[in-house]
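J.: Before anything else, here's the structure in question.
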Amino acid sequence: MLGMKTVFITGASSGIGFACAEIFAREKYNLLLASRRVDRLHAMATDLQNKYGVQIHAIGLDVRDKNLVQKVWDELPENWKVIDVLINNAGLSQGLEPIQEGNTDDWDRMIDTNLKGLLYVTRAVAPAMQERKTGHIINIGSIAGKEVYPNGNVYCSTKHAVDALTKAMRIDLLPYNIKVTSVDPGAVETEFSVVRFKGDRERAKKVYEGFTPLSAEDVAEAIWFAASRPPHVNVNDLLLMPTAQATGTLFHKEP
Ligand code: NDP
Ligand code: 8X3
């Protein structure tokens, strides 16, 4: 590990997190990867190790489990606790209903993952960064953290909370030379909509019809841009949209 940097990516089994793993490996970072589907992480670890010769440690982790997050962190080999960049990416949306019809289990899943999970992971990782007086935390927000849209109620609330937390973390971590960045994408074609619509692939596909959405790689390149600035430069907030998307809900779609 000597001389190499390490990135910790949550939600690395799919979409934006997966694309970040490839780009940071390409840039010769060692990868600490976490998600619930650990089989996927193992498959990608073998692939990226062969391609880029970096070291990879994969962890099966549900970020909603406060005790597990801390236990997994405490039990990591010491050399894997030297994290240069933490990408708080694990997240999801569940359902798209008006507030009066919302499913309260869906609400719990979104709040527990997008907000509390991000907090638990940060709480575990940040003290070591504080001690070393260096580090970079990149939170994946969303256009949904800047605007609210019909039926987006709870998902938008979690991403607004991430926006607030990013600002708050920057203040608290300022004395310790720790950078804090928010990367906020518009529509990105990943498994996100399949998860939002609970496996309804036809409905998920329709979200991206008639325009070119961002790809996970587009977002990962923006994250890499933020991570690769010189030590005195912090990207506070990076809002990244498809050209065909002007607001959370306004798209220019071709028939
Ligand atoms: P994907 O569904 O493709 O990926 C989500 C990732 O989060 C998966 O790796 C999933 O892994 C992981 N994850 C979900 N729940 C948990 C959990 N409880 N514990 C650990 N990992 C978890 O979606 P995206 O790549 O699009 O989403 C990544 C982030 O980007 C999310 O925070 C999302 O809100 C945000 N975002 C997405 C946009 C989009 O349009 N796609 C736009 C703006 C922001 P596993 O299921 O294996 O645990
Ligand atoms: C995901 C993008 O527009 O569905 O954060 O909120 S959106």
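Values in this text are rule-based calculations from the coordinates and carry no lab data. Here the structure is a predicted model, which means the values were calculated and not measured. A quick note on method: Cβ atoms are made from the backbone with ideal geometry, for glycine too, and the neighbour counts reach across all protein chains shown.
J.: Can you grab the distance from the C-alpha centre of region 222-255 to the C-alpha centre of region 147-181, Å, no decimals?
T.: If we compute the Cα centre of each part, the gap is 15 Å.
J.: Something else: Any chance you could tell me what percent of the C-alpha pair distances in region 1-136 go past 20 Å? Before the final figure, lay out each step's value.
T.: Details: 4221 of 9180 pairs.
Counting pairs separated by more than 20 Å, the tail of P(r) holds 46 percent.
J.: A further question on this structure: Sort 10, 104 by Cβ crowding within 10 Å, fewest neighbours at the top.
T.: Numbers: 10 26, 104 8.
Ascending Cβ contact count within 10 Å gives the list 104, 10.
J.: Then there's this: Across the chain, what fraction of all alpha-carbon pairs, as a whole percent, falls in each successive 5 Å bin from zero upward?
T.: Binned Cα distances yield the sequence 1, 6, 13, 18, 21, 17, 12, 7, 3, 1, 0, 0.
J.: Would you order 22, 75 from fewest to most other beta-carbon atoms within 10 Å of each residue's own beta-carbon? Can you show the working numbers first?
T.: On the way: 22 18, 75 9.
If I rank by nearby Cβ atoms, fewest first, I get 75, 22.
J.: Which ordering of 253, 146 is given by a fewest-first count of other beta-carbon atoms within 10 Å? Provide the component values of the computation, followed by the final result.
T.: Working: 253 10, 146 18.
Ranked by crowding around the Cβ, least crowded first: 253, 146.
J.: At q = 0.16, 0.28 Å⁻¹, what is the log10 ratio I(q)/I(0) for region 58-133, with the Debye formula run over Cα points and no solvent?
T.: -0.64, -1.37
J.: Who wins for biggest fluctuation among 68, 32, 118 in a Gaussian network model of the chain, springs between alpha carbons below 10 Å?
T.: Highest fluctuation of the listed residues: 68.
J.: List every DSSP H helix in the chain whose Cα atoms extend 15 Å or more along the helix's own long axis and whose mean Kyte-Doolittle hydropathy is at least -1.0. Intermediate results must be reported in sequence, preceding the final value.
T.: On the way: long enough: 15-26 (17 Å, 1.14); 38-52 (20 Å, -0.69); 118-132 (21 Å, 0.25); 153-173 (29 Å, 0.04); 216-227 (16 Å, 0.76).
Helix filter hits for the chain: 15-26, 38-52, 118-132, 153-173, 216-227.
J.: Then there's this: How large are Rg and Dmax for region 149-196 when calculated on the C-alpha trace, in angstrom?
T.: Over region 149-196's Cα set, Rg and Dmax evaluate to 14.0, 41 Å.
J.: Any chance you could run the full-extension gain for residue 50 through residue 104? It's 0.36 nm times the residue separation minus the Cα-Cα distance, nm to one decimal. If you can, show how the numbers build up before the last one.
T.: Numbers: separation 54, 0.36 × 54 = 19.44 nm, distance 4.39 nm.
Using 0.36 nm per residue and subtracting the Cα-Cα distance, I get 15.1 nm.
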